[in-house]
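Worksheet for the structure shown next.
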Amino acid sequence: MSKAELRLVAFKDIAFGPRFEHGDVCKIGETAGAREGTELGTGFARMEGARIPWTTSYDEVLTVFEGELTVHAGGKTYQLGPRDSLWIPSGTELVYEAEHALVHYAIHPVSAAT
C-alpha cells in the first residue's frame, strides 16, 4: 500500500465515535493511520466521566488540549492539563481517568491498536 498524499484535517470535520469497550465514556476521532498507508496513528479522544483500565500494545504520546487527564501507571499518578504531554511505552498497564478532557494521541505502530 502506498502512502496517501498530504491532507489537511480540520478539527470541525473530525467524526468522533465509540471505540473498543469504553465507547460510552471515550469517543475517538482518527486523523491519520492505516488508511493513509502509515504505521503512525493519530487522532483525538474525548473523555467524559472516564475511568479506563488499559494495557498499551503500541508506543503512545498523549497531549491534553482541554480539561485534565490523570494516568495511573507503575505505582505513579501523572496529572496532565492543557498542553501537557505524556510518553507511554508499549506494554504499559495503566488507567486513564478524566471528568472532561480532549486529548490528542499519537501511536506507533497503528497496526497494534486493532
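Pick from region 22-46 the residues that are touching a residue at least 40 places away in the same chain (Cβ under 8 Å) and of a type in the set (D, E, K, R): which of them is surrounded by the fewest Cβ atoms within 10 Å (Cβ to Cβ)?
Across region 22-46, the extreme among qualifying residues is E39.
Starting from region 73-87, take each residue that is more than 15 Å from P53 (Cα to Cα) and list its partners that are among the polar types (S, T, N, Q), counting only C-beta distances under 6 angstrom and pairs at least six apart or across chains.
From region 73-87, the pairs are Q79/T70; S85/T63.
Considering (1) in contact with a Leu (Cβ under 7 Å, 6 or more places away or on another chain); (2) under 20 Å from F11 (Cα atoms), say which one R35 fails and leave the rest.
Result: R35 fails condition (1) only.
For the structure I just gave you, tell me whether E30 is more than 13 Å from the chain's Cα centre (by Cα), under 21 Å from S90 (Cβ atoms) and not β-branched (V, I, T). Full working, then the answer.
Details: more than 13 Å from the chain's Cα centre (by Cα): no; under 21 Å from S90 (Cβ atoms): yes; not β-branched (V, I, T): yes.
Answer is no for this residue.
Filter region 28-46 for residues that are out of contact with any Ser or Thr (no Cβ under 7 Å at 6 or more places or on another chain), modelled with pLDDT of 95 or more and among the β-branched types (V, I, T) and give the result.
Of everything in region 28-46, just one residue is out of contact with any Ser or Thr (no Cβ under 7 Å at 6 or more places or on another chain), modelled with pLDDT of 95 or more and among the β-branched types (V, I, T), namely I28.
Among the candidates G29, G43, single out the residue that is part of a strand (DSSP E or B), farther than 11 Å from I107 by Cβ and of a type in the set (G, A, S).
On the way: G43 fails: farther than 11 Å from I107 by Cβ.
Result of the check over G29, G43: G29.
Across region 92-103, what is the number of residues that are within 12 Å of M47 (Cβ to Cβ) and either surrounded by 16 or more Cβ atoms within 10 Å (Cβ to Cβ) or within 11 Å of the chain's Cα centre (by Cα) (or both)?
6
What about R51, is it under 12 Å from the mean Cα position of the chain (by Cα) and closer than 20 Å to V25 by Cβ? Walk me through it before giving the result.
Working: under 12 Å from the mean Cα position of the chain (by Cα): no; closer than 20 Å to V25 by Cβ: yes.
No, not satisfied.
The values are calculated or read from the model by the stated rules, or taken from the named source; none is laboratory data. Remember, it's a predicted structure, so these values are computed and weren't measured experimentally. When we count neighbours, we look across all protein chains shown, and the Cβ atoms used for this are built from the backbone with ideal geometry, even at glycine.
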